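Single-structure report; data block below.
Please treat every number below as a calculation from the coordinates, not as lab data. Predicted model, so just to flag it, every value in this text is computed and none were measured. Please note: Cβ atoms are built from the backbone with ideal geometry, for glycine as well, and neighbour counts cover all protein chains shown.
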Amino acid sequence: MKTGATLAKPTTLELEKEIAELNEQIAAKEHELARVAGVNSLNKTMALRNLLDTIYALDIDSGKKRAMTDTCMHLIDNDVASKRFDTILTENDAAFISKLEKKHPNLNAREIKICLFIKLNYDTIEIARSTGMTQRGLESLRYRIHSKFGLAKHDSMKSYLTALSLA
């Protein structure tokens with residue numbers, strides 16, 4: 001069934017205006033997401049510090065208390081390091097991450113973070129420590145990333161990522 005009215009195609013100017021509006025909406029959502037993530041991260045650190053204070057106040061075996069406080073301090077240190085890494089990431093490597101995401105949209109956020117560490121010449125032990133993973137777990141993740149890149153068995157991920165950042 002045909003109707004007498006035809007749909008008019010939007011003009012280039014109308015499309016550009018719509019794109020600009022959508023970009024503004026995206027920027028606003030990204031800003032809101034960053035704000036919420038910052039609040040959640042602050043709440044996490046505060047909760048860990050409160051837990052640490054509670055553990056110090058407990059009347060329990062000193063060995064057990066020490067193990068619990070060490071775990072809390074490790075979690076706090078990881079949270080602080082993660083915040084520092086995210087700041088460095090947005091200031092210095094946004095272009096690299098953008099290129100990586102365009103070329104490999106199938107990578108998740110964790111894999112992208114690992115790729116950035118590799119590009120920055122961190123070794124496996126340092127990356128594992130910074131991300132809270134075991135060394136073996138990180139090796140498995142690196143293998144999966146290597147496969148996603150489609151690299152040959154003896155191709156270097158470091159070389160590949162460096163070349164991508166320079167492209």
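A compact table of results
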item	result
For Lys9, net neighbour charge (Lys/Arg +1, Asp/Glu -1) across residues whose Cβ lies under 15 Å away	-2
Simple label model, 7 Å out from Cα along Cβ direction - Ser62 to Asp155, nm	5.8 nm
Local electrostatic count at Ser156 - Lys and Arg +1, Asp and Glu -1, tallied over other residues with Cβ under 13 Å	+3
Theoretical FRET efficiency, 1/(1+(r/R0)^6), r = Cβ-Cβ of Asp123 and Asp77, R0 25 Å, to 0.05	0.85
Surrounding net charge for Ile55, when Lys and Arg each add one and Asp and Glu each subtract one, Cβ distance under 14 Å	0
